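Below is one structure, written out as C-alpha cells, with a few remarks after it.
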Amino acid sequence: MNDLALRTRRVIAIDGPAASGKSTTAAAVADRLGFAHLNSGLLYRAFAWRTLREGWDETAESYASRIAGVAIEFRTAPDGLQLYIDGESPGEALHGRDVAARVSAVASVACVRVAVFEQLRAAAGHLDLVCDGRDIGTTVFPGADLKIYLVADASERARRRLLDFGDGTDEEKVIEEAERLRRRDEADATRELSPLRKASDAIEIDTTSTSAPDVVDRILALAKQRGMPPRRGIDPRTPLDSNLR
Ligand code: CDP
C-alpha cells in the first residue's frame, strides 16, 4: 500500500440548533482549508421536499418502500458540492417554509437517516470534509478531528432566518419565527434516533454577538492546532455574507 492509500481523510464536524450559523460557517471554513463542505441538513431537506412533492404517506412503511427509488448525489460545482435528487437540483426550494415545517418529521424516520448516513460516510472516504448538521460529531463522525457546536439566542437566530427569507424583521415576525425554530429544535432534540446533542468533546461557540468572520477565524485557529492549517496564498479573510445561515 502506498502513502496515499494510507492517508486518512480529515473531518471537521459543525453541529448546532436551527439557524445557528452552521452552514455559512462550515462553507467558509472549508474554503479556507481547501476541504469540501457537506451540509447534511440539505439531504434531509431534499427528502422532505420529495415527500411533499409526491405526497408520501407519513408512515414508516411508506418511506421504506419508496426510499430506494430516490437517487441523491452531490456533484462537484465551482462553488462547492451541489445536491441533485434524481438528476434535478432543487435549489432554493429546499429552504422554503413548507420544507422547514416538514423536515424534522422526515429526519426522524430510520430509513431516511440510514440513507443520509451512507452518503456522508461515502463522501468522507474520498474528501477532506467540513460537515454540518445535528449529529455529525455524535453519530456520523464520532472520531472527527475537530468538533464545533454553534449556538445563538433564539431571537437572533430568528432574525437571521427572516433575513434569509428576505422578510422584514419586525418584532412580531421575529417572535413567530423564533417559535417555528423552537418547535424544530425540540423535535430534533427529543427524537429517538441521533437527537440534536452537543458531543462531549465538542467546543461550543456562541455566535449571537460574534461576527461571522470572527467565528470562522476561531475555528481555523482550532483546526491549525490540530494539524489542519489554512491553504496558502488566499485572502486571509474570506468575504462572508453578514447573515449566518
Ligand atoms: O439550516 P437549519 O439549521 O435550519 O437546518 P438544516 O441544517 O438545514 O437541517 C434541517 C433539518 O434536518 C433539521 O431540523 C433536522 O431535523 C434535520 N437534520 C438532522 O436530523 N440531522 C442532521 N445531521 C442535519 C439535519
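Here are some notes:
- Matching residues, region 104-160, being away from the ligand (no atom under 12 Å from the Cβ), of a type outside the set (A, V, I, L, M, F, W, C) and either more than 14 Å from the chain's Cα centre (by Cα) or surrounded by fewer than 18 Cβ atoms within 10 Å (Cβ to Cβ) (or both): E118, R121, G125, H126, D128, P142, G143, D145, D153, S155, E156, R159
- Yes/no for D57 being crowded, with 18+ Cβ neighbours inside 10 Å and either over 30 Å from E204 (Cβ atoms) or not polar (S, T, N, Q) (or both): no
- Looking only at residues in region 48-69 that are within 16 Å of the ligand (Cβ to nearest atom) and modelled with pLDDT of 90 or more, the one that is farthest from G87 (Cα to Cα) is Y63.
- Taken together, L220, L181, L162 contain a single residue that is part of a helix (DSSP H, G or I), touching a residue at least 40 places away in the same chain (Cβ under 8 Å) and over 26 Å from V114 (Cα atoms), which is L220.
- Single residue of region 41-64 satisfying the filter (among the aromatic types (F, W, Y) and in contact (Cβ under 8 Å) with a residue 60 or more places away in the chain) that is nearest to A30 (Cα to Cα): Y44
- Among (1) loosely packed, with under 13 Cβ neighbours inside 10 Å; (2) assigned to a strand (DSSP E or B) - the single one I205 does not satisfy: (1)
- Count of region 159-186 residues which are touching a Leu at 6+ places or on another chain (Cβ under 9 Å), modelled with pLDDT of 95 or more and under 23 Å from S108 (Cα atoms): 2
- From I67, I85, I12, residue being of a type in the set (V, I, T) and touching a residue at least 60 places away in the same chain (Cβ under 8 Å): I12
- Qualifying residue in region 19-31 (condition: away from the ligand (no atom under 16 Å from the Cβ), under 16 Å from the mean Cα position of the chain (by Cα) and assigned to a helix (DSSP H, G or I)): yes
The values are calculated or read from the model by the stated rules, or taken from the named source; none is laboratory data. Treat the numbers as computed from the prediction; the structure is a model and nothing was measured. Quick reminder, even Gly has a Cβ in these numbers, built from the backbone with ideal geometry, and neighbours come from all protein chains shown.
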